[in-house]
Amino acid sequence: MSTLGKILIVGAGGQIGIELAEALSKIYTSGNVIVSDLKPIPALPNNPFEKLDILDKNALFDIIKKHDIKQVYLLAALLSATGEQNPAFAWKLNMEGLFHVLDLAKEKHIDKVYWPSSIAVFGPTTPRINTPQQTVMEPSTVYGISKQAGEGWCNWYFNKHGVDVRSIRYPGLIGWKSAPGGGTTDYAVHIFYEALKHQKYECFLSENTALPMMHMEDAIRATLELMHAPSENIRIRTAYNLSGLSFTPAQIAAEIKKHITQFEITYKPDFRQNIANSWPASIDDAAARADWGWKEHYNLPLLVENMLKNLTHLVHR
Ligand code: NAD
Ligand code: AKB
């Protein structure tokens, strides 16, 4: 597929960025997908790399001009668990990075922006089951507050300045190609490594904590579908609810046990339990389905089978 200008991924070395860069490179040819991060990204040898701190707006501008960048996928952020450990910096990184990109779009240096939101925009007063697209949002984490504010700013830049910015409220993402970076849903990735290496896992959430989750392949496909949808189809410029599956630690452990019969899970909830308690258990994503045709592929058995199949050779190498 040809693009008018190139794509820049900011924070490309993280859990989503590694997989997004690979997927975008298959569509646009790798020379057109520039990856950037604070640190080099050894897993992406075919993509031009630029070292970038998103807090440095001049450096971002220079890279955009140097490569004739027209679309930015902004992934650099502190997530829910690390955000609570460093609230002031989480607010700074999550908000200033977004302003830098939105301002360059407002000034017409770039045409299109992708910026992910999260189920963390919801809070303890939100309806927990089938959480609607529009509902009470009183997030209890700095991360959630920054995502809610970010959604509002995306909507404002669209309405006030015509910035084509698109967003999804991702649930917890589970993939085998990259490691998670400090979230509350990370247990659902760690559990596979520990099951394969040690046949046991101590979970930092309690056994019946249901959370919305999604296979990374589905999340990447959703992202590309949203970004490629005609602008007039995108009715929501805050961020779209997106549902994949919902499960508890006990349910994923039971599914893993079908493949690794000796596997045992124990529970030792820590500060992340309070964060999880404040989030939805399941999500209503009717708007994403209606507006740009979203449909998930993975259910829990498929996800577990896929993760174990792909991680077995990595873990036992
Ligand atoms: P991650 O922590 O794995 O990756 C973030 C990347 O950003 C890292 O490679 C890091 O080095 C880089 N980075 C940090 N500070 C930077 C800076 N100042 N300048 C440039 N790069 C910097 O995060 P992720 O899981 O890939 O998440 C990406 C985005 O998706 C975030 O906005 C996150 O809130 C959102 N999200 C993720 C999930 C999930 O389950 N992974 C769910 C909901 C939303
Ligand atoms: C986290 O747990 O912080 C992320 C998210 C759901 O935003 N995975």
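The values are calculated or read from the model by the stated rules, or taken from the named source; none is laboratory data. Computed from a predicted model, the values in this text were never measured in an experiment. As a convention, Cβ positions derive from the backbone with ideal geometry for all residues, glycine included, and neighbour counts pool all protein chains shown. Quick note on the areas: whole protein, heavy atoms, side chains included, nothing else; ligands and nucleic acids left out. Shrake-Rupley method; radii C 1.70, N 1.55, O 1.52, S 1.80 Å.
Based on the mean of other Cβ atoms within 10 Å per residue, sort peptides 51-64, 173-186, 221-234 so the most packed one is first. Don't skip to the end; give the middle numbers.
Working: 51-64: 16.8, 173-186: 21.8, 221-234: 15.1.
Top of the packing list down: 173-186, 51-64, 221-234.
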Query raised in the report: Over the chain, what is the mean sequence separation of C-alpha contacts under 8 Å (at least six apart), divided by residue count, expressed as relative contact order in percent?
Result: 18 percent
**Report entry** Accessible area of the chain belonging to carbon and sulfur atoms, whole % at 1.4 Å probe
**Finding:** 53 percent
Requested in this report: Treating the angle as unsigned and between 0 and 90°, give the value, to the nearest 10°, between the Cα long axis of helix 57-67 and the longest Cα principal axis of the chain.
Outcome: 80 degrees
Report summary line: Scalar couplings 3J(HN,Hα) for region 272-280 by Karplus 6.51 cos²θ - 1.76 cosθ + 1.60 (θ = phi - 60°), nearest whole Hz, x for Gly and Pro, are 6, 4, 4, 5, 4, 4, 8, 9, x
Query raised in the report: Once the Cα atoms of helix 187-198 and of the chain are each reduced to a long axis, what angle between those two axes, in degrees from 0 to 90 to the nearest 10, is obtained?
Result: 50 degrees
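Per the helix-only calculation at 222 nm, which mean residue ellipticity applies to the chain, given -39500 (n - 2.57) for every DSSP H run of n ≥ 4 and division by its residues, nearest 500 deg cm²/dmol? Kindly include the intermediate steps, with their values, before the conclusion.
On the way: 11 runs with 134 residues, N = 317.
Per the formula, -13000 deg cm²/dmol.
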Query - Set of lysines with alpha-carbon distance to LYS258 below 16 Å, sequence-local pairs under 8 removed - result: LYS200, LYS309
Query raised in the report: In nm, to one decimal, how far is the LYS295 label point from the HIS109 one, both placed 7 Å along Cα→Cβ?
Result: 4.2 nm
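May I ask for the percentage of alpha-carbon pairs in the chain that lie more than 23 Å from each other?
On the way: 27955 of 50086 pairs.
Result for the distance tail: 56 percent.
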**Report entry** Nearby aspartates and glutamates by direct alpha-carbon distance to LYS66 (threshold 13 angstrom, same-chain neighbours under 8 apart not counted)
**Finding:** GLU50
Requested in this report: Quick one: compute the contact order of region 214-317, relative version, from alpha carbon pairs under 8 angstrom and 6+ residues apart, as a percent.
Outcome: 44 percent
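State whether region 1-41 is rounded, prolate or oblate according to the following rule on the C-alpha gyration tensor (a ≥ b ≥ c being the square roots of its eigenvalues): a/c under 1.5 gives rounded; otherwise a/b larger than b/c gives prolate, and the remaining case gives oblate. Could the numbers behind the result be given before it?
On the way: a/c = 2.64, a/b = 1.72, b/c = 1.54.
Prolate is the answer for region 1-41, as a/c is 1.5 or above and a/b outweighs b/c.
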Query - Under 5 Å, built H, 5+ apart or other chain: amide partners of LYS6 - result: ILE69, LYS70, GLN71
Query raised in the report: Relative to the longest principal axis of the chain, what angle (0 to 90°, nearest 10) does the C-alpha long axis of helix 15-28 take?
Result: 50 degrees
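Suppose all protein chains stay in the model; what accessible area per residue would a 1.4 Å probe give for the chain, in Å²?
Details: 13140 Å² over 317 residues.
Result: 41 Å² per residue.
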